[in-house]
Amino acid sequence: MPPATTTPGKSNRTRVALGVLVAVLATVGTGIWSIRGTGIELLSGGQRKGTLHLETFVLNLADPGQRSYLRVGIDLGLAREIGRGETAPVGQVRDTILGVLAESRVDEMLSAQGKTKLKEGLLHALQERVPGLRVEEVYFTEFLIQR
């Protein structure tokens, strides 16, 4: 895949604007959907304490017989705020997410049920591997599979 040609500053501003828009839209209304533990709940008027925005992931997927790529944006809902001067373990978080995504099958990710199962797998792996971050929710901000 050839690299996209964009102006560096404009691309970052667009991502930030898109992230803000997604966050605003996610909190508007009577509730927000979230993944907690092993199930899905509707939290009426629920608010997360903190959000960790991650740069977009682009990776090859295990797809027998053809090349498939996944581009996914992920934000994490945290049970706590990340304090001033405190840095989130982004490397460990990204490594954990990449490990789960690499094991996922393309056919499973195409359905809504598959995406829900993937979110649950990501949440479980993050809670197990990075417990101090206190991840409570996983949000897909973009999800594109190219075959």
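The values are calculated or read from the model by the stated rules, or taken from the named source; none is laboratory data. Nothing here was measured: the structure is a model prediction, and the numbers come from that model. Here the Cβ positions follow ideal geometry from the backbone for every residue, glycine too, while neighbour counts run over all protein chains shown. What goes into the accessible areas is simple: the full protein's heavy atoms, side chains included, and nothing from ligands, DNA or RNA. Shrake-Rupley method; radii C 1.70, N 1.55, O 1.52, S 1.80 Å.
Here is a check on your reading of the model: is GLY77 of a type outside the set (Lys, Arg) and at pLDDT 75 or above? Answer is yes for this residue. With respect to (1) farther than 15 Å from GLY50 by Cα; (2) in contact with a Pro (Cβ under 9 Å, 6 or more places away or on another chain), the lone exception for LEU133 is condition (1).
Report, by residue number, each residue of segment 89-111 that is among the hydrophobic types (A, V, I, L, M, F, W, C) and within 15 Å of the chain's Cα centre (by Cα). Selection gives VAL90, VAL93, ILE97, LEU98, VAL100, LEU101, ALA102, MET109. When the residues of segment 44-66 are filtered to those that are at pLDDT below 95, in contact with a strand residue (DSSP E or B) (Cβ under 7 Å, 6 or more places away or on another chain) and in a loop (DSSP other than H, G, I, E, B), the one that is surrounded by the most Cβ atoms within 10 Å (Cβ to Cβ) is ARG48.
Taking the criterion of being among the aliphatic types (A, V, I, L, M) and part of a strand (DSSP E or B), the residues of segment 67-87 that qualify are LEU70, VAL72, ILE74, LEU76, LEU78.
Of all residues in segment 75-92, those satisfying the criterion of being touching a strand residue (DSSP E or B) at 6+ places or on another chain (Cβ under 7 Å) and either closer than 13 Å to ARG134 by Cα or open to solvent by 30 Å² or more (accessible area, probe 1.4 Å) (or both) are LEU76, GLY77, LEU78, ALA79, ARG80, GLU81, ILE82, ALA88.
Just one of the listed residues (LEU110, LEU144) is at pLDDT below 95, within 21 Å of ASN60 (Cα to Cα) and out of contact with any Asp or Glu (no Cβ under 8 Å at 6 or more places or on another chain), namely LEU110. In this structure, is ALA125 of a type in the set (A, V, I, L, M, F, W, C), surrounded by 14 or more Cβ atoms within 10 Å (Cβ to Cβ) and part of a loop (DSSP other than H, G, I, E, B)? So ALA125 does not fit the description; no. LEU118 fulfils the conditions (1) under 15 Å from VAL72 (Cα atoms); (2) of a type in the set (A, V, I, L, M, F, W, C); (3) crowded, with 17+ Cβ neighbours inside 10 Å; (4) touching a residue at least 40 places away in the same chain (Cβ under 8 Å) except for a single criterion, (4).
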